[in-house]
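The values are calculated or read from the model by the stated rules, or taken from the named source; none is laboratory data. Quantities reported herein were computed from a predicted structural model and do not represent experimental measurements. Here the Cβ positions follow ideal geometry from the backbone for every residue, glycine too, while neighbour counts run over all protein chains shown. Remember, those area values only see protein heavy atoms, side chains included, never the ligands or the DNA or RNA. Shrake-Rupley method; radii C 1.70, N 1.55, O 1.52, S 1.80 Å.
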Amino acid sequence: MSGEPVLSAESVPSRPRIAYFGTPEVAVAPLLALIDAGHDVALVVSAPDKRRGRGSMVSASPVKAAAVRAGLAVSDRPDDAIGHGIDLGVVVAYGSLIRPHLLAEIPFVNIHVSNLPRWRGAAPVERAILAGDVTAAVCVMALEAGLDTGGIYGSVTTPIDAKTAQELRDELVSRGTELLLDLIAHGFGPPVPQEGDPSYAAKIDNVDRQIDWSASAVHVDRLVRIGGAWTTAGGRRLKVHEVAIGDHDGGPATMPGQIGGTSVSTGGGVIELISVQPEGKPPMDATAWRRGARVVDGDRLGAPMAPGLTAPGLTASGPTASAASGDGNG
């Protein structure tokens, strides 16, 4: 440890005075669970209000909004937790580092959705799916100055299977919340140091979410499951919300990205499109998209517009191009 207060059954009362640090929607359920369990949430610290849409209005974070509805004291200044008899700081997706001077004042725990030390950092759920990990875990860990380096008070493991990142994250946070409530009620005990080689879960940006059809169907499926995957159709973006791995390959004459029905060839296997979202349109069934965009077999996703096309359409891999207009997604 690094000099931060260490929790124990003696140091944390069964009904502790809590400062809760969280910001996004995923951190709302743990806050409400603490309230429902009868705990004294004396202060909620969340990110400052900000502009969250295309308009000029600013709005509160989901956690702040939930705290206000519950009649709790709210602040965007972490230091406001000092000097109020806080027994325990709870951090769930707060979005900023807790400074050392605050860690020295209050014992903090963090619900972290990975099997530490694997996947320290910003995108542990997404990185676990992309890497093909068989299982994921959630830890209640001691917060210290290092990035997700603290000892572990308890953890729960679950299979990843074919879950999306949102499904997996929601499950892990729910299991982590149950674990936190149990630890508060029955005592934390000494944290167990992390063992093994750490890996870093770097943030995934929009460029990382572009589908590379020369990759395997397994990889494309994983990318879609983390959310925000996209490709191009006739030079315009097409979001891909749901797919399945086909039970056949693309055949010797097909190219990566080439379409046949609602199937798309990849560098290894075939992806079946289920739900897509053209630019400026709501999500829709892939069959409806194909019909509306007048896609023909042999057209390719991810390819540039064919020369001479004046309307958005898909390029064909053969000698002629689809003359129909189509909608991409952005």
Margin query: Tally up the residues in the range 173-193 that are part of a helix (DSSP H, G or I), touching a helix residue (DSSP H, G or I) at 6+ places or on another chain (Cβ under 9 Å) and open to solvent by less than 50 Å² (accessible area, probe 1.4 Å), please.
Written below: 6
Next item on the list: Select from the range 62-76 the residues that are among the charged types (D, E, K, R) and in a helix (DSSP H, G or I) and list them in ascending order.
Entry: Lys64, Arg69
Notebook entry, point to check: Do we have any residue at all in the range 102-111 that's modelled with pLDDT of 95 or more, within 16 Å of the chain's Cα centre (by Cα) and not in a strand (DSSP E or B)?
Noted result: no
Next item on the list: Check Gly196 against each of (1) open to solvent by 20 Å² or more (accessible area, probe 1.4 Å); (2) of a type outside the set (Val, Ile, Thr); (3) closer than 21 Å to Ala229 by Cα and name the one condition it does not meet.
Entry: (3)
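Looking only at residues that are more than 26 Å from the chain's Cα centre (by Cα) and touching a residue at least 60 places away in the same chain (Cβ under 8 Å) in the range 234-253, which one is least open to solvent (accessible area, probe 1.4 Å)?
Among residues in the range 234-253 that are more than 26 Å from the chain's Cα centre (by Cα) and touching a residue at least 60 places away in the same chain (Cβ under 8 Å), the one least open to solvent (accessible area, probe 1.4 Å) is Gly234.
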Next item on the list: Please list, ordered by first then second residue, the pairs with beta carbon atoms under 7 Å, 6 or more apart or interchain, first in the range 18-29 and farther than 9 Å from Gly95 by Cα, second basic (Lys, Arg) and open to solvent by 20 Å² or more (accessible area, probe 1.4 Å).
Entry: Val26/Arg169
Next item on the list: State which residue is least open to solvent (accessible area, probe 1.4 Å) when the search covers only the range 257-293 and only residues that are among the aliphatic types (A, V, I, L, M) and more than 18 Å from Trp230 (Cβ to Cβ).
Entry: Val270
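Can you tell me which of Pro319, Pro304 is surrounded by fewer than 21 Cβ atoms within 10 Å (Cβ to Cβ), within 14 Å of Trp213 (Cα to Cα) and at pLDDT below 60? Can you show your working first?
Values: Pro319 fails: within 14 Å of Trp213 (Cα to Cα).
Unique residue meeting the criteria: Pro304.
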Next item on the list: Name every residue in the range 207-233 that is surrounded by 19 or more Cβ atoms within 10 Å (Cβ to Cβ) and in contact with a strand residue (DSSP E or B) (Cβ under 6 Å, 6 or more places away or on another chain), in order of residue number.
Entry: Ile211, Ala217, Val220, Asp221, Val224, Ala229, Trp230, Thr231
Margin query: Name the single residue that is farthest from Ala122 (Cα to Cα) among those in the range 30-44 being touching a residue at least 40 places away in the same chain (Cβ under 8 Å) and open to solvent by less than 10 Å² (accessible area, probe 1.4 Å).
Written below: Leu34
Notebook entry, point to check: When you look at Gly154, is it assigned to a loop (DSSP other than H, G, I, E, B) and of a type outside the set (A, V, I, L, M, F, W, C), yes or no?
Noted result: no
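Results for (1) over 24 Å from Gly298 (Cβ atoms); (2) of a type outside the set (A, V, I, L, M, F, W, C); (3) outside any loop (DSSP other than H, G, I, E, B), shown as yes or no for each residue.
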position	(1), (2), (3)
Glu195	yes, yes, no
Asp205	yes, yes, no
His219	no, yes, yes
Thr231	no, yes, yes
Val243	no, no, yes
Asp247	no, yes, no
Note to self: Restricting to the range 118-146, and then to whatever is over 18 Å from the mean Cα position of the chain (by Cα) and open to solvent by 10 Å² or more (accessible area, probe 1.4 Å), can you tell me which residue is nearest to Thr23 (Cα to Cα)?
What the structure shows: Leu143
Next item on the list: Can you confirm whether the range 67-78 contains a residue that is among the charged types (D, E, K, R), open to solvent by less than 50 Å² (accessible area, probe 1.4 Å), closer than 27 Å to Pro13 by Cβ and more than 23 Å from the chain's Cα centre (by Cα)?
Entry: no
Next item on the list: Give the range 158-172 a look and list any residue that's out of contact with any helix residue (DSSP H, G or I) (no Cβ under 9 Å at 6 or more places or on another chain) and either open to solvent by less than 10 Å² (accessible area, probe 1.4 Å) or in contact (Cβ under 8 Å) with a residue 24 or more places away in the chain (or both), or say none.
Entry: Pro159
